[in-house]
Amino acid sequence: MALLLPVTPAHAAYGPDQPVSLTVTSNAGPSIMLAQLTGTLAFDDGNTKFKYSLRLCWGSGSYPMPNFYVSVNGSSVFYPSQTGTTTAPAGCQLYLFLYDGEYTHSTTLANVTLYVTGGWFYPGNTYNSRTKSVTYDNPYN
């Protein structure tokens, strides 16, 4: 007697979480921490997806609220949606902004670059902004 079991499609598995840490500080006037992005991201071994769990700190001397976006393979851009807030650690304003999700790319995912921008006023009412980035390569290709 043969036993037939339904065949389920293979699912891509996520690799280990890679730590994310990116801090943007002012580069004119007094040194001010403008923004800090921390958390993790992980690539799937199918080469098309990554998941992220990120926390954005709005530096206490920074105006307006910082922002960040993600570039995939140096061309596609998306802005993760905020999924919540939590109590901010020292050095951050009011809340720590939470961004948790998954992104699926239409072709092979080679790398992900995170861009964080913060702003401040110096001198006086002169607005300045600064952007920093960090790139994570997909270890599966």
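Worth a mention:
- When VAL24 is tested against (1) touching a Phe, Trp or Tyr at 6+ places or on another chain (Cβ under 6 Å); (2) surrounded by 17 or more Cβ atoms within 10 Å (Cβ to Cβ); (3) outside any loop (DSSP other than H, G, I, E, B), just one condition goes unmet, and that condition is (1).
- Per the conditions (1) loosely packed, with under 12 Cβ neighbours inside 10 Å; (2) at positive phi; (3) in a loop (DSSP other than H, G, I, E, B), the sole criterion not satisfied by LEU94 is (3).
- Per-region count, the stretch 97-109, residues outside any strand (DSSP E or B) and open to solvent by 70 Å² or more (accessible area, probe 1.4 Å): 3
- Test set (1) open to solvent by 20 Å² or more (accessible area, probe 1.4 Å); (2) without any contact (Cβ under 8 Å) to a residue 60 or more places away in the chain; (3) not acidic (Asp, Glu) - THR117 fails condition number: (2)
- Residue in the stretch 120-136 that is nearest to THR23 (Cα to Cα), counting only those that are without any contact (Cβ under 8 Å) to a residue 24 or more places away in the chain and out of contact with any strand residue (DSSP E or B) (no Cβ under 9 Å at 6 or more places or on another chain): THR126
- The residues in the stretch 120-131 that are assigned to a strand (DSSP E or B) and surrounded by fewer than 17 Cβ atoms within 10 Å (Cβ to Cβ) can be counted, and the count is 5.
- Cβ-Cβ under 8 Å pairs, at least 6 apart or on other chains, the stretch 98-111 side acidic (Asp, Glu), far side surrounded by 15 or more Cβ atoms within 10 Å (Cβ to Cβ) and in a strand (DSSP E or B): ASP100/TYR52; ASP100/SER53; ASP100/LEU54; GLU102/LYS49; GLU102/PHE50; GLU102/LYS51; GLU102/TYR52
- All of SER31, SER71 fail the test of being touching a residue at least 12 places away in the same chain (Cβ under 8 Å), touching a strand residue (DSSP E or B) at 6+ places or on another chain (Cβ under 7 Å) and small (Gly, Ala, Ser), apart from SER71.
- A residue that is modelled with pLDDT of 95 or more, open to solvent by less than 50 Å² (accessible area, probe 1.4 Å) and outside any strand (DSSP E or B) occurs somewhere in the stretch 74-86.
- Residue check, LYS51 open to solvent by 70 Å² or more (accessible area, probe 1.4 Å), part of a strand (DSSP E or B) and either among the small types (Gly, Ala, Ser) or touching a residue at least 60 places away in the same chain (Cβ under 8 Å) (or both): no
- Flag if ALA88 is without any contact (Cβ under 8 Å) to a residue 40 or more places away in the chain and not β-branched (Val, Ile, Thr): yes
The values are calculated or read from the model by the stated rules, or taken from the named source; none is laboratory data. Not measured: the values here are computed from a predicted model. Quick reminder, even Gly has a Cβ in these numbers, built from the backbone with ideal geometry, and neighbours come from all protein chains shown. For the accessible areas, the whole protein counts, side chains as well, though only heavy atoms, and no ligand, DNA or RNA atoms are used. Shrake-Rupley method; radii C 1.70, N 1.55, O 1.52, S 1.80 Å.
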